[in-house]
Amino acid sequence: MSRTEMMIEPEVHSSTLTELTPDTLYEKCMSLARNLWWTWHPEVINLFRDLDPIRWRQLDHNPIALLREFTPERLAARALEMTLHSRINYAFRRLKEYVGPRTTWGSTHAGVLGAKPVAYFSA
């Protein structure tokens, strides 16, 4: 594609088109809820709370239980109403950056754990 053609017909990435679908938005929120990473990020806690503050309290701050009460379409409507799309995308991107790298703090600083790993469980 020539430079002139690129200026006239810019590339459109499908991810930008599907990024805001109700199902994608719902899955991003569920991914956030299923990882305890959200518990030490106040901006994500506030994101879940802002979806429905009353139910958030009634459900004892359980994001999975809260999201199960939403359909993808209802969640998308609430996100639009509260202008939460950018916050959801930002939190999801930060979660992916956190879990994505192959080089972790442990692999760099706790070499002995590679030979004798330790598991930590939380409920």
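Can you compute log10 of I(q)/I(0) for the range 19-98 with the Debye formula, treating each Cα as one identical point scatterer, at q = 0.20, 0.22, 0.26 Å⁻¹?
Listed by q, the Debye log ratios stand at -0.81, -1.00, -1.46.
Compute the distance from the alpha-carbon center of the range 90-111 to that of the range 61-88, in whole Å.
26 Å
Read-outs: derived from the displayed coordinates by stated rules, not from any lab. Please read all numbers here as calculations on a predicted model, not as lab measurements.
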